[in-house]
1. So, in nm, how far is label residue 149 from label residue 5 when the simple model puts each one 7 Å beyond its Cα toward the Cβ?
2. Report the local net charge at residue 84: Lys and Arg +1, Asp and Glu -1, summed over other residues whose C-beta lies under 14 Å from its C-beta.
3. With runs of 4+ DSSP H residues as the only contributors, calculate the mean residue ellipticity of the chain at 222 nm using -39,500 (n - 2.57) per run, divided by the residue total and rounded to the nearest 500.
4. Among 123-129, 77-83, how do they line up from the highest to the lowest mean number of other beta-carbon atoms within 10 Å?
5. What do you get when you divide the Cα radius of gyration of the range 92-154 by 2.2 N^0.38 Å, with N the number of residues?
6. Which percent of Cα pairs goes in each bin when the distances of the chain are cut into 5 angstrom slices starting at zero?
7. Under a no-solvent Debye model with one identical scatterer per Cα of the range 134-178, what's log10 I(q)/I(0) at q = 0.24 Å⁻¹?
8. How far is helix 3-20 tilted, in degrees, relative to the longest principal axis of the Cα atoms in the chain, given as a value from 0 to 90 rounded to the nearest 10?
Amino acid sequence: MGAYEEAVLDYRRRKDEHFAAGGGPVDTATFRGLSYYPPDETWAFTLPLTLLPQDAGAEFALDTNTGETRTMARFGEVTVPLPGGQHTLLVFAGLGEDRPARVFVPFRDATSGAETYGAGRYLDAPVDWQLGGDGPLVRLDFNLAYHPYCAYSPAWVCPLPPRENRVPEPVPVGERLG
């Protein structure tokens, strides 16, 4: 087992321990761990982040599982070289954040509803601002894709991926249904 796979498995183990200790939306009495696809480093990308203007047009209303909306900043775009071809995803940040350490990437793919939560999965992607570089880079590691808390309990309000973030092919890594 390589260092990358060990790191992903350790992250998953720590997440399961956190949930089992009551730090998540699951019933701790019956929780036996989350289900995951096997780690695959080919689904981890470091890519240029194309920033979008942070003016009034950056406000983006994401629908939620409860019918409400959650407003975030449409912060940028990232083009991912997926096996079936390139796909551009919208990247979100909190309103007013001009240099976030992490960005939010909700997405749906061909596994949604069958092998993964029907409403989609999330990525929290770190941003490297590369002082003096050609622009920010974002680390999209689909092995860390996770189900929103509303997948476990209807008490949670979860933003839904916009249509721009619907990937037509399967993303067979990250969290999956049990």
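1. If labels sit at residue 149 and residue 5, their model points lie 3.4 nm apart.
2. Charge balance near residue 84 sits at -1.
3. Numbers: 1 runs with 18 residues, N = 178.
Theoretical 222 nm ellipticity from helices: -3500 deg cm²/dmol.
4. Details: 123-129: 17.0, 77-83: 15.3.
Taking the mean over residues of other Cβ atoms within 10 Å, the ranking is 123-129, 77-83.
5. Working: Rg = 14.2 Å, N = 63, 2.2 N^0.38 = 10.6 Å.
Compared with the compact-globule rule of thumb, the range 92-154 sits at 1.33.
6. 1, 8, 16, 20, 20, 17, 11, 5, 1, 0, 0
7. Rounded to two decimals, the profile gives -1.12.
8. 60 degrees
Every number here is computed from the coordinates shown, using simple stated rules; none is lab data. As the structure is a prediction and not an experimental result, all values here were calculated from the model. Because the Cβ atoms are built from the backbone with ideal geometry, glycine has one as well, and the counts that use them run over all protein chains shown.
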